[in-house]
Structures are given as C-alpha cells and as structure tokens.
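What follows is one structure encoded as structure tokens, with my remarks underneath.
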Amino acid sequence: MFENRAFDGMVPLHAGAAVPGDMSGMGVGHHPTRVRYARSHGLADRYSSWKRQLSNRIAAIDLAPDLARDIGSRRWMRGAATLIGLSALALAAWPDFSAVAAAPASSFDSDVRDEFRSQMIMPLALGADSGRRMGATNAVVQLANAPERPNLDLASTLARGDSFDRMLRRAGVGEAEAGQIAGLIASAIPLADIPAGTQVDITLGRRPTADAPRPLDALSFRARFDLQLAVERQDGRLRLIPKPIRVDTTPLRIRGVVGSSLYRSARAAGAPASAVQQYLRAIGAEMDIESGIASRDEFDIIVDYKRAATGEVEAGRLLFAGLTRDGKPRKQLLRWGADGRFYEASGVGEMRQGLIAPVPGQVSSNFGMRRHPILGYKRMHRGMDFRAGHGTPIYAVTDGVVQFAGRSGGYGNFVKLGHNAGLATGYAHMSRIAVRSGQSVRRGQVIGYVGSTGLSTGPHLHYEMYRNGVPVNPASVRFVTRAQLSGSQLSAFRAQLAQLQRITPGAALNSLEQDSAVVEDRPLREIDRLERRQASN
C-alpha cells in the first residue's frame with residue numbers, strides 16, 4: 001500500500017517502485033530528483049546532530065556551578081574562576097565619574113542680537129528694517145505688484161583685496177555712481193589707505209524705474225582714526241563731506257608696585273598686554289629681570305595712546321620704560337629715532353652684548369686643526385660648523401654691511417658681513433642667499449638659508465670671523481655695542497624725556513566728551529528709534 005504526500009513538488013519513491021514516465025527503465029536509485037532530495041535531507045540531519053552535540057558539550061562544561069555546594073572541589077574552583085573573570089570584566093567596564101566639561105556660556109553682542117531678531121516677527125511689524133524675509137510657507141501668497149521701500153539702509157564691508165567701487169556695486173549702487181563716489185573719496189584719502197574690514201553705512205533711495213539700480217542718497221564710513229567721510233546727495237548731486245574727529249593723543253602712563261609678578265601687576269594696573277611685553281623686552285636687554293627686580297620696586301610704563309571723541313581708543317607702542325627703587329630711578333629708557341631703539345636717560349643706547357648664534361643648532365666642529373672630511377688630510381679649520389637642517393634660516397650675528405654675497409669656491413654660496421672695529425663674519429655652504437652686496441643688515445636679520453653647496457658632506461653652516469682680515473676663533477670674541485647721542489639730538493632727546501615724565505599717571509583715561517555730531521549722523525533704524533523712545537519714557 002502506497003501513501004502519496006506532496007513534498008516540495010515531488011513524490012518520494014519507495015525502493016523498487018517504478019518511475020512514471022521513465023522510458024529508460026532505470027531503477028529508483030538512479031532517478032536524479034530523488035538523489036537530490038536524499039542528499040538535502042542528509043545535510044539537514046547532520047547539521048541537527050552537530051548542533052545537538054555542541055549544545056551537550058557546552059552544557060557539560062558547567063562554567064557556573066552552584067558555589068554553595070562541593071566547596072573546594074574542582075567543579076567549585078571552576079565556578080569561582082568564572083565569578084572572578086566576570087567581576088574583573090565588569091570592573092574594567094566601570095564608567096568614569098570625572099567631571100564633564102560644559103560648553104562655555106555664549107555672549108551675544110549687538111550684531112548677534114540683531115541677527116536673532118531679524119528672524120522674528122517683530123522686525124516685520126516695524127517695516128522689515130532688518131532687510132530679511134521670513135521663510136515661505138503654504139500660507140504665503142506672492143503679490144502681483146509689491147511696493148518697494150522708499151529708502152534702503154544697509155551696511156557693506158570692504159574685503160581684503162577688494163576695491164571701493166566694486167564694494168559699492170556689490171551693495172546695489174549703479175556702476176556709474178560707484179565710480180563717481182570712489183573718485184570723491186580718493187580726493188580726500190588714498191583708497192589704498194582704507195583698511196580691509198572697514199564698514200560702510202549706505203542709504204539707497206527709490207529707483208526711477210523697475211529695472212534701474214537704486215540711486216545713492218547717503219554714505220558714511222570711518223576713513224581714519226581722526227576722520228569720518230560722508231557722501232550725500234544735495235540738489236541732485238553727490239557731494240563729499242569730510243568730518244574731522246577730535247582725538248586726544250595724551251600718552252597713557254601707568255605706575256605700580258612689581259609685587260609677586262611684574263606682568264600680572266602691570267596688567268592689573270591697566271597696561272595693555274602688548275605694552276607689558278615690550279616693557280619686559282626693553283628692561284630685559286639692560287638687566288636680569290629674575291634677579292635684578294625686587295617685589296618692592298615700582299614700574300613706570302608710558303604707551304602711545306589715542307582717544308577719539310566718538311569713544312574709540314587705540315594703544316600704540318611703548319614710549320618709556322622705567323624702574324624705581326626706594327624713590328630713586330634704576331632704569332629710564334626712552335624710545336628714540338627712526339629705528340625705534342631705546343636709550344637711557346643719559347643718551348646712551350641699549351646695550352648689545354656678545355653675538356647671537358647664526359643658527360639654532362649645536363656646534364659640530366670647532367676652530368683649529370682637523371682632518372678634512374672630503375680632502376682626507378689635516379688642515380686648519382678656520383671657523384665653526386653648526387648642525388642645522390636644510391633650509392634653516394641663518395641670522396646676522398650683529399649689525400653690519402654685506403661685503404660679499406655670491407658663489408665662492410669651496411665655500412659654495414657665501415656671505416661676508418663687515419662690522420665695526422675691524423671685525424667681519426662669513427657664512428658658507430648656503431642653499432640660498434637672502435641679501436645683496438652693499439646692503440646694511442641688522443642683528444638677527446635673515447641673510448640666507450642652510451644648505452650643502454661647495455665642499456660639504458651635508459647640510460650645515462660653516463661660520464667664520466675675521467679681525468682685520470685674519471681669521472680668529474669666533475668663540476673667543478666678546479664685545480658690547482652701544483649708541484651714544486650728542487649735540488642737538490641729545491638736547492631733543494632730553495626734552496622729550498622731560499615732557500613724558502610730566503604726564504600724570506592715568507591722565508589719558510579721563511572721560512572725553514563725545515562728538516555728538518558724528519555719533520548721531522549714523523543711519524538710525526526704526527527699531528533703534530523705538531528702543532530710544534522706550535528708554536526715554
């Protein structure tokens with residue numbers, strides 16, 4: 001008796017049964033369909049058997065037995081090891097409880113506040129004075145003919161590398177008017193002298209036709225610290241209106257006790273950071289700051305300082321650096337001359353002691369007899385070799401004049417500087433020369449770059465020194481250079497020093513009456529007028 005069951009679209013056959021439709025007379029064992037079915041069925045059985053055996057083996061391991069039973073047995077030891085391993089893993093993943101750094105509090109200035117306010121509905125109620133538009137939604141219907149504002153107030157910034165007329169055209173001013181305005185501005189100040197980042201307030205009027213650019217009604221910007229320039233349309237013509245700004249140039253004088261830290265005490269007294277750094281450099285060139293200044297000493301700093309009637313201030317460079325002990329001056333240094341050097345009250349310039357290193361590297365070969373690395377025999381090494389990488393800047397060790405700059409045999413690219421008192425220095429094997437013959441150089445100025453030209457085994461600097469043309473050991477030379485004022489220069493120097501010392505400390509910080517004519521002339525938005533009315537009420 002046979003039982004027919006549907007199984008994946010084929011009928012399983014019993015042994016000895018005939019295959020319907022099989023004309024070849026092949027036996028059941030040779031039927032391809034039944035072979036594939038039997039092979040598939042065998043793989044499933046083997047997978048189930050393997051899976052069952054693996055589960056049994058894992059279960060037989062018994063990694064987590066009951067630790068309350070068979071204490072001390074091998075089974076208990078295995079469970080204790082499992083407990084210790086899991087505990088160690090948990091401790092390794094223990095979270096960190098260190099403080100999480102919070103984001104710093106954001107400070108909003110007036111520009112950022114206006115940026116946020118421009119996205120609100122309030123500016124729209126005040127005539128859309130921000131010039132921004134709200135995002136379009138399904139409720140927005142475009143007007144067939146929207147009326148234009150009669151005036152448009154905007155601000156444009158002069159970018160680096162930009163021209164004044166191109167900035168105006170970018171703001172919406174017509175090409176012809178932009179060129180005319182640039183010509184008016186150029187008659188008062190060179191356009192190249194207007195610094196990048198200058199903000200220009202522009203007021204554009206109503207356009208004559210729909211396709212014409214808006215005409216300029218007014219323009220205003222800060223051309224210099226002491227000058228405001230405006231362009232206004234009067235009787236149909238554009239006119240330039242310069243508005244000088246009153247500036248107080250009283251230098252800022254700050255005095256105080258050194259205390260535990262000269263820098264912190266000077267900053268706490270109101271000295272600008274740049275002025276304090278200049279003060280430390282000037283005093284440090286004359287004395288050892290660490291051991292030469294006591295906590296009870298008093299510092300005296302005078303800085304070039306400008307105050308405009310519009311409220312802006314501008315701190316310049318250090319003019320005077322003084323140090324007092326027990327009411328008596330220890331150091332009085334005044335900046336003098338076109339080169340900006342500091343001179344003592346007696347008219348003696350800052351002391352320059354010794355020579356600076358030509359490159360920031362260690363000495364690899366000293367002055368004296370040695371075996372030449374290329375020629376292979378002993379001969380006099382007339383200088384010092386400094387280790388330095390290719391392209392390292394080479395500095396002039398002191399002030400001088402370039403006597404030679406070019407190719408010189410085994411020296412390769414070579415520069416020779418002449419100094420005072422018959423001294424000269426030479427710099428060899430340069431990869432590139434940065435000075436020319438006859439040029440004056442200052443102490444610390446870059447004169448070339450390290451290379452390996454000429455007879456050289458690798459990048460380094462060969463440095464020589466000559467006294468009256470004879471090579472000498474550079475390490476044996478020690479000298480001090482100081483400039484000395486005399487005659488009319490000394491008289492003018494002392495007069496300038498006396499004038500600065502008459503300045504009262506903090507006099508430049510007194511209130512300065514603001515120039516309301518310049519301040520009120522800036523474009524005023526409707527929202528600013530509303531805030532002023534609310535403040536007055």
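The values are calculated or read from the model by the stated rules, or taken from the named source; none is laboratory data. Source: prediction; values computed, not measured. Backbone-built Cβ (ideal geometry, glycine too); neighbour counts: all protein chains shown. Accessible surface areas use protein heavy atoms only, side chains included; no ligands, DNA or RNA. Shrake-Rupley method; radii C 1.70, N 1.55, O 1.52, S 1.80 Å.
Taken over segment 50-68, residues that are modelled with pLDDT under 75, open to solvent by less than 80 Å² (accessible area, probe 1.4 Å) and touching a helix residue (DSSP H, G or I) at 6+ places or on another chain (Cβ under 8 Å) amount to 1. If only residues of segment 454-467 that are over 15 Å from Gly418 (Cα atoms) and out of contact with any Lys or Arg (no Cβ under 8 Å at 6 or more places or on another chain) are counted, the one that is surrounded by the most Cβ atoms within 10 Å (Cβ to Cβ) is Leu461. You will find that of Arg325, Arg330, the residue that is touching a Ser or Thr at 6+ places or on another chain (Cβ under 7 Å) and at negative phi is Arg330 and no other. Selection of strands (runs of 3 or more DSSP E) fully inside segment 352-406 by the criterion of at least 1 residues being at pLDDT 85 or above returns 383-387, 393-395.
Scan segment 188-209 for residues that are closer than 20 Å to Glu177 by Cβ and either in contact (Cβ under 8 Å) with a residue 40 or more places away in the chain or in a strand (DSSP E or B) (or both) and the total you get is 12. Yes or no: segment 285-293 includes at least one residue that is surrounded by 15 or more Cβ atoms within 10 Å (Cβ to Cβ), more than 31 Å from the chain's Cα centre (by Cα) and not in a helix (DSSP H, G or I). Scanning segment 285-293, I find at least one residue that is surrounded by 15 or more Cβ atoms within 10 Å (Cβ to Cβ), more than 31 Å from the chain's Cα centre (by Cα) and not in a helix (DSSP H, G or I), so the answer is yes.
Across segment 294-329, the number of residues qualifying as under 30 Å from Ala223 (Cα atoms) and outside any strand (DSSP E or B) comes to 4. Against the criterion of being open to solvent by less than 20 Å² (accessible area, probe 1.4 Å), over 26 Å from the mean Cα position of the chain (by Cα) and modelled with pLDDT of 85 or more, Ile302 qualifies. Flag set for Ala309, criterion: over 30 Å from Val397 (Cα atoms) and surrounded by 15 or more Cβ atoms within 10 Å (Cβ to Cβ). If you check Ala155 against the conditions, is it under 24 Å from Thr310 (Cβ atoms) and either in a helix (DSSP H, G or I) or within 33 Å of the chain's Cα centre (by Cα) (or both)? So Ala155 passes the test. Residues of segment 60-76 that are of a type in the set (A, V, I, L, M, F, W, C) and not in a helix (DSSP H, G or I): Leu63, Ala64, Leu67, Ala68, Ile71. Among the residues of segment 512-529, none qualifies, meaning not one is open to solvent by less than 80 Å² (accessible area, probe 1.4 Å), modelled with pLDDT of 80 or more and either touching a Lys or Arg at 6+ places or on another chain (Cβ under 9 Å) or under 20 Å from Arg387 (Cα atoms) (or both). Taking each residue of segment 354-368 that is crowded, with 16+ Cβ neighbours inside 10 Å and looking for partners that are at pLDDT 75 or above and among the basic types (Lys, Arg) with beta-carbon atoms closer than 9 Å, six or more apart or interchain, yields Leu355/Arg443; Val359/Arg387; Gly361/Arg387; Phe367/Arg382. Looking only at residues of segment 392-442 that are of a type in the set (Ser, Thr, Tyr) and over 35 Å from the mean Cα position of the chain (by Cα), we find that the one that is most open to solvent (accessible area, probe 1.4 Å) is Ser437.
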